[in-house]
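Peer 1: Would you mind keeping the following structure in view while I ask a few things?
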Amino acid sequence: MANTIELEKTFLAKTVPPDLKDCRHKEILDMYIPKSSRHPTVRIRKNGDRFEMTKKEPVEDDASHQEEQTIILTEEEFNELMKLDGKKVRKLRYHYPYNGRMAEVDVFQDDLLGIIVVDFEFDTVEDKDAFQLPDFCSADITHEEFIAGGMICGKTYEDVAADLERYKYVKLFLE
């Protein structure tokens, strides 16, 4: 089992980043358990052709500083675990180069279509704290609970529309 600390910032996209369609991408299917939890922290994931189960929790209530424990699964194990009753979310993740960094641009699908978020990971707290909002992003939402994977899973765009409206977010679509 891998146990890591993840430093990241999450932004709402203001526009679709230039040439995003030309970037490498993969489909991600997540299921969070238990379904009865308001904000489940255990995730079963299909990440392209990789399968894993992860528990991810903030360190000292800082959403930009997460402790992550991951177990690699076989496809058979993944398929069995997906039979559990959980909250699901599907997105396309694009790897987008930006100013010497690699952004993960998540284009939500299905009932969350229209939402695009951008994540950047960092090696040090200083790099994370010094990072500036990219021009194709509208707001830093790292500390917003409504957009966290365990909170947005199983919801529709309409369920989070009021939260997005606070940032004057406009639906975005990858053409």
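The values are calculated or read from the model by the stated rules, or taken from the named source; none is laboratory data. Keep in mind it's a predicted model, so treat the numbers as computed, not measured. No Cβ is skipped: glycine too gets one built from the backbone with ideal geometry, and neighbour counts run over all protein chains shown.
For (1) in contact with a Lys or Arg (Cβ under 8 Å, 6 or more places away or on another chain); (2) under 25 Å from residue 37 (Cα atoms), each residue gets a yes or a no:
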residue	(1), (2)
72	yes, yes
83	no, yes
93	yes, no
109	yes, yes
114	yes, no
119	yes, yes
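Peer 1: State whether the residues of region 76-97 include one that is among the charged types (D, E, K, R) and in a loop (DSSP other than H, G, I, E, B). Give the derivation first.
Peer 2: Step one: filter region 76-97 for residues among the charged types (D, E, K, R), giving 76-77, 80, 83, 85, 87-88, 90-91, 93.
Subset that is in a loop (DSSP other than H, G, I, E, B): 83, 85.
Yes, the conditions are met somewhere in region 76-97.
Peer 1: Which condition does residue 102 not pass, out of (1) buried (at least 18 other Cβ atoms within 10 Å of the Cβ); (2) part of a strand (DSSP E or B), if it passes all the others?
Peer 2: (1)
Peer 1: Go through (1) more than 12 Å from residue 115 (Cα to Cα); (2) out of contact with any helix residue (DSSP H, G or I) (no Cβ under 6 Å at 6 or more places or on another chain) for residue 171 and report which single condition fails.
Peer 2: (1)
Peer 1: Kindly check whether there is at least one residue in region 114-128 that is of a type in the set (Ser, Thr, Tyr), assigned to a loop (DSSP other than H, G, I, E, B) and over 12 Å from the mean Cα position of the chain (by Cα). So that I can check it myself, show each step before the final result.
Peer 2: From region 114-128, those of a type in the set (Ser, Thr, Tyr) are 124; that's our starting set.
Within this subset, residues satisfying the condition of being assigned to a loop (DSSP other than H, G, I, E, B) are 124.
Retained after the next criterion (residues that are over 12 Å from the mean Cα position of the chain (by Cα)): 124.
Yes, some residue in region 114-128 is of a type in the set (Ser, Thr, Tyr), assigned to a loop (DSSP other than H, G, I, E, B) and over 12 Å from the mean Cα position of the chain (by Cα).
Peer 1: If we scan region 11-26, do we find a residue that is among the polar types (S, T, N, Q) and more than 17 Å from residue 119 (Cα to Cα)?
Peer 2: Pass one, region 11-26, residues among the polar types (S, T, N, Q): 15.
From the residues that got through so far, the ones that are more than 17 Å from residue 119 (Cα to Cα) too are none.
Within region 11-26 (the criterion being among the polar types (S, T, N, Q) and more than 17 Å from residue 119 (Cα to Cα)), the answer is no, since none of the residues qualifies.
Peer 1: Is it true that some residue in region 155-167 is within 12 Å of the chain's Cα centre (by Cα) and surrounded by 15 or more Cβ atoms within 10 Å (Cβ to Cβ)? Reasoning before the result, please.
Peer 2: Narrowing region 155-167 to residues within 12 Å of the chain's Cα centre (by Cα): none.
The answer is no, given that none of the residues of region 155-167 is within 12 Å of the chain's Cα centre (by Cα) and surrounded by 15 or more Cβ atoms within 10 Å (Cβ to Cβ).
Peer 1: When region 134-146 is examined, which residues are found to be in a loop (DSSP other than H, G, I, E, B) and closer than 8 Å to residue 11 by Cα? Explain how you work it out, then say what you get.
Peer 2: Quick first cut of region 134-146, residues in a loop (DSSP other than H, G, I, E, B) only: 134-136, 141-144.
If the condition is that a residue be in a loop (DSSP other than H, G, I, E, B) and closer than 8 Å to residue 11 by Cα, then 141, 142 are the ones that fit.
Peer 1: Right, another one. Of all residues in region 13-37 being touching a residue at least 60 places away in the same chain (Cβ under 8 Å) and among the charged types (D, E, K, R), which is farthest from residue 105 (Cα to Cα)?
Peer 2: Taking region 13-37 and keeping what is touching a residue at least 60 places away in the same chain (Cβ under 8 Å), we get 13-18, 20-21, 23-32, 35, 37.
Then drop every residue that is not among the charged types (D, E, K, R), which leaves 14, 21, 24, 26-27, 30, 35.
On the way: 14: 12, 21: 11, 24: 11, 26: 11, 27: 12, 30: 16, 35: 26 Å.
Restricting to residues being touching a residue at least 60 places away in the same chain (Cβ under 8 Å) and among the charged types (D, E, K, R), the top hit is 35.
Peer 1: For region 147-168, which residues satisfy the criterion of being closer than 17 Å to residue 110 by Cα, at pLDDT 95 or above, touching a helix residue (DSSP H, G or I) at 6+ places or on another chain (Cβ under 6 Å) and part of a helix (DSSP H, G or I)?
Peer 2: 157, 160
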